[in-house]
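In what follows, a single structure is set out as structure tokens and then discussed.
Since every read-out is calculated from the coordinates, none of them should be taken as a lab result. All values reported here derive from a predicted model rather than from experimental measurement. In this analysis, Cβ positions are derived from the backbone assuming ideal geometry, glycine residues included, and neighbour counts consider all displayed protein chains.
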Amino acid sequence: MDILTSPGEMHTWRWGCGGTVGFVPTMGYLHEGHLALVRRSVAENDVTAASIFVNPLQFGPGEDFERYPRDEERDLALLEQAGVAAVYMPRAEAMYPEGFQTSVETREISLPLEGASRPGHFAGVTTVVLKLLNAVMPDRAYFGKKDAQQLRVIQRMVRDLDVATEIVACEIVREPDGLAMSSRNVYLSAEEREAATVLSQALFEARDVFGAGERNAAALRDGVQARIAAESLAQIQYVSLADGETLEELAGRVERPALLSLAVRFGATRLIDNVELAL
Ligand code: PAF
């Protein structure tokens, strides 16, 4: 497995590739969710590249950039076992050299939900993802649906800027008890970890109620809100029922595919999760 640390090295590697290149961007501390993306890329492409870069631009002041979990040695072993041919691990100075001053931003799609709770977060994501796509020049790039808004923001950017990479959306991978996999789950105490199962339970119950015919947006949203509020360790940041494409909050009847999503804190740990409500 090749390790590349600068855009120039990455370009040289890419130009030497025959066939299709799949790409899995990550911030490391890999779990089954990342590995599912890698396996799909390996199955669908001739060669797969991954990246490991904890991107300072997408963390706000007071967020967990400094303490974000890292384990490069383990990550590289897992990527190699999964069939990755190259890992792009740029140093921060290679990514953002002195004088760097460009930002890539989407507008409306990045304003609600995570964008409202984490100002500047999506500009950091789109800027780094475009730089990663420019370095790797993949045919396909794989993103998980857990970061539902991130996925939509990146799809929008790629369409708007004519990036020649297909964005492949992959299903959320969950622990056996339903908790969506996340590198941040390691921050949870045993008690918080147990309490956090309420998130997927509330979302799945709402999806069942929707499946049984409930179409009232407020009733669906309030059901999730009440279920989570009953868990004393949970501090809700938002519960949203939004248009599945534009992420505009829905009122009245749900007549289009929708996204039911939430952000909830357990102690110092902020978790997100969602389900799609398909008509
Ligand atoms: O989802 C992530 O891990 C990050 O936001 C990404 C896409 C690797 C950009 O830093």
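Of the chain, which part is the longest with no trypsin sites (Lys or Arg not before Pro) in a loop (DSSP not H, G, I, E, B) and with at most 12 other C-beta atoms within 10 angstrom?
It works out to 108-279.
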Could you state the orientation-averaged shadow area of the convex hull built on the Cα atoms of segment 45-125, in nm² to one decimal?
7.4 nm²
Taking Cα atoms, the helix 148-160 axis meets the longest principal axis of the chain at an angle in degrees (rounded to 10) of 50 degrees
Crossing angle, helix 217-229 versus the chain [Cα axis fit, 0-90 degrees, rounded to tens]:
80 degrees
With Cα atoms, 0 to 90° folded angle of helix 121-136 axis to the chain main axis:
30 degrees
Would you mind computing Rg(Cα) / (2.2 N^0.38 Å) for segment 172-279, counting N as its residues?
1.04
Expressed in angstrom, Rg and Dmax over the Cα atoms of the chain are 19.0, 56
Please give the FRET efficiency for H11 paired with F65, using the beta carbon to beta carbon distance and R0 = 25 Å, rounded to the nearest 0.05.
0.35
Stokes-Einstein diffusion coefficient of segment 1-53, Kirkwood radius over Cα pairs, 20 °C, 1.002 mPa s, in µm²/s
182 µm²/s
Is the shape of segment 170-209 rounded, prolate or oblate, going by the alpha carbon gyration tensor and its root eigenvalues a ≥ b ≥ c, with a/c under 1.5 for rounded and a/b larger than b/c for prolate?
oblate
Range in the chain, longest, excluding exposed GluC sites (Glu not before Pro) [loop by DSSP; at most 16 other beta-carbon atoms within 10 Å]:
106-170
